[in-house]
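A short worksheet on the structure shown next.
The values are calculated or read from the model by the stated rules, or taken from the named source; none is laboratory data. None of the values given here were measured: they were computed from a predicted structure. When we count neighbours, we look across all protein chains shown, and the Cβ atoms used for this are built from the backbone with ideal geometry, even at glycine. The accessibility values were calculated without ligands, DNA or RNA, using every heavy atom of the protein model including side chains. Shrake-Rupley method; radii C 1.70, N 1.55, O 1.52, S 1.80 Å.
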Amino acid sequence: MKKKILIIDTFNFLFRAYHALPSSFKDSKGEPVNAVYGVTSMLINLFDMVKPDYVVAALDSDKPTFRLENFTAYKAHRAPVEPDLISQIPKVIEVLEAFGVPAIMVGGYEADDIIGTIAKNYGRGEYEVIIVSNDHDMWQLVNENVTVMVPIRNAAEAEWIGVNEVEARMGFVPDKMVDYKGLRGD
């Protein structure tokens, strides 16, 4: 039986938790903790559902990426991150540490780059790689050893995206996703 590597798209989790739970979730100092609570709940549910052998949390770097240096309009359409969410990032990293989950952040790279690197290096047959994210960009990494788990309802349930699911939804195999996005625009 293959060992399972669970890769968490951490900021994807963080944003989902932050927007899913009321901002009235505060700690004893009055600081917001809705995202911290949500991420903690999702982690507990994930561990129970997947029972991974290894877990890693991928995070975006706070340094500009090579994409931004090459294309200044990269992600220009995104709204700035809210201060209440930013204040919870260190607390979420503490939660990850408490669970023994290493948080990987590489200067100048996005979490997607880290996830892709781990999936490509370990998803070649020796391991079962499970990427936890609702980001459709992850679908390009899917193969017979790499699946994407899309958490539903606080990660108590999930939708599993494998090769057949990508092909059924998109009409082509996962490794054609890059071509599709390149032609369609992203």
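Annotation: MET177 fulfils all but one of (1) under 14 Å from the mean Cα position of the chain (by Cα); (2) open to solvent by less than 40 Å² (accessible area, probe 1.4 Å); (3) over 17 Å from LYS3 (Cβ atoms); the unmet one is (1).
If you go through the stretch 100-119 and keep only what is at pLDDT 95 or above and either among the basic types (Lys, Arg) or in a loop (DSSP other than H, G, I, E, B) (or both), you end up with GLY100, VAL101, PRO102.
Against the condition within 30 Å of TYR37 (Cα to Cα), more than 14 Å from the chain's Cα centre (by Cα) and not acidic (Asp, Glu), how does GLY162 come out, does it pass? Yes, satisfied. Candidates are the residues of the stretch 11-27 that are assigned to a loop (DSSP other than H, G, I, E, B) and of a type in the set (S, T, N, Q); the one that is farthest from ASN134 (Cα to Cα) is SER24. When you scan the stretch 51-62, do you find a residue that is modelled with pLDDT under 95 and in a helix (DSSP H, G or I), even just one? Within the stretch 51-62, not a single residue is modelled with pLDDT under 95 and in a helix (DSSP H, G or I). Of the residues that make up the stretch 133-145, is at least one crowded, with 21+ Cβ neighbours inside 10 Å and of a type in the set (Ser, Thr, Tyr)? The answer is yes, given that some residue of the stretch 133-145 is crowded, with 21+ Cβ neighbours inside 10 Å and of a type in the set (Ser, Thr, Tyr). Among the conditions (1) more than 18 Å from PRO52 (Cα to Cα); (2) in contact (Cβ under 8 Å) with a residue 60 or more places away in the chain, the only one that ASP137 does not satisfy is (2). Scanning the stretch 34-51 for residues that are surrounded by fewer than 19 Cβ atoms within 10 Å (Cβ to Cβ) and either within 19 Å of THR117 (Cα to Cα) or of a type in the set (A, V, I, L, M, F, W, C) (or both) yields ILE44, PHE47, MET49, VAL50.
Apart from one condition, PRO90 fits all of (1) modelled with pLDDT of 85 or more; (2) open to solvent by 60 Å² or more (accessible area, probe 1.4 Å); (3) not in a helix (DSSP H, G or I); the exception is (3). Among residues that are exposed (fewer than 12 other Cβ atoms within 10 Å of the Cβ) and either within 23 Å of LYS3 (Cα to Cα) or touching an Asp or Glu at 6+ places or on another chain (Cβ under 8 Å) (or both), GLU165 is not included.
Would you call VAL129 on the phi < 0 side of the Ramachandran plot and either outside any strand (DSSP E or B) or without any contact (Cβ under 8 Å) to a residue 40 or more places away in the chain (or both)? No; evaluated as a whole, the condition is false for this residue. Residues in the stretch 107-122 that are in contact (Cβ under 8 Å) with a residue 40 or more places away in the chain, open to solvent by less than 30 Å² (accessible area, probe 1.4 Å) and under 11 Å from VAL146 (Cβ atoms): 3 in all.
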